[in-house]
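The next block holds one structure in the form of structure tokens; read it before the comments.
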Amino acid sequence: MRPTVTRRLPLAVVFVTSVTFATATAAFSQPSCTQFAPDFAALVQQIGAVMGAPSSCPRVDGDGTIIQVSSTGLALRRPDGMLIFASGDEHWALSDAGLQEWTGNWHNGLYPPVTPQPDADATQAMPQQPDSAQVQTMTLVQVLQDGSNAVVVEDPSGSMFTVETADGCPDVDAAVGDHVFVRSGGSETDLILMQQHETCAVAAMHTAPD
């Protein structure tokens with residue numbers, strides 16, 4: 001008598017089900033970023049709970065700065081090794097000079113304030129350092145629908161700014177209500193959408209009209 005294929009169907013079903021289950025298990029077991037990157041370990045030891053818990057995986061910016069968002073603020077590791085954490089207007093930095101803490105905002109930037117040197121001649125003899133990048137935490141509150149590639153953001157003090165992107169920002173609609181970051185350094189300014197993993201060049205930024 002010729003064999004039938006019906007007796008093999010259960011095995012095939014079990015095999016397919018097993019593969020599907022294994023694939024689903026692997027998908028749900030992907031590691032998540034529940035800890036700060038090892039680069040921030042020294043800063044975590046210094047200020048601990050102030051940094052909260054990571055809410056995203058670390059990413060590397062175009063100039064080599066490592067950025068990681070937490071439940072309370074933003075952690076950065078500059079290419080020169082300085083570790084920085086910003087939570088609202090409160091800032092901490094850890095470098096070879098030790099731990100520094102200061103209050104900063106959009107106007108005086110993210111990095112530690114520089115104390116003027118008393119010896120003017122010695123200062124003039126030193127080579128000038130390039131401007132350090134500054135990062136400000138903002139909330140994206142509106143995408144303007146007027147064809148201007150502009151969005152409205154709010155800083156921690158409640159001030160509103162209009163940010164015009166140079167070439168648009170494809171995923172900006174999905175970022176409304178999210179914390180975003182405006183990063184400026186020298187003549188370049190970027191709008192960073194952390195959740196969308198997108199960095200958009202900024203053409204202009206000014207106080208939003210009432």
message: Could you order the peptides 80-88, 166-174 from most to least packed, using the average number of other C-beta atoms within 10 Å per residue?
response: 80-88, 166-174
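Could you calculate the contour length gain from T103 to A166, that is, 0.36 nm times the residue separation minus the distance between their Cα atoms, to one decimal place in nm?
19.6 nm
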- line: Out of A53, G64, L76 - ranked by how far each Cα lies towards the positive end of the dipole of segment 34-98, with unit charges on the beta-carbon of charged residues - the top one is A53
query: When only alpha-carbon atoms count, how far does segment 134-207 stretch along each of its three principal axes, as whole angstroms with the largest first?
result: 27, 25, 24
- prompt: Distance in nm between label sites at T207 and V141, each 7 Å beyond Cα in the beta-carbon direction?
  reply: 1.4
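Quote to one decimal, in nm, the extra length available between Q35 and S157 on full extension: 0.36 nm per residue of separation minus the C-alpha distance between them. Display every interim value, and only then the final one.
Values: separation 122, 0.36 × 122 = 43.92 nm, distance 2.89 nm.
Contour length minus Cα-Cα distance gives 41.0 nm.
No lab work stands behind these numbers, since they all come straight from the coordinates. Note that this is a predicted model, so its numbers are computed, not measured. For neighbour counting, all protein chains shown are included, and Cβ atoms are generated from backbone atoms with ideal geometry for every residue, glycine included.
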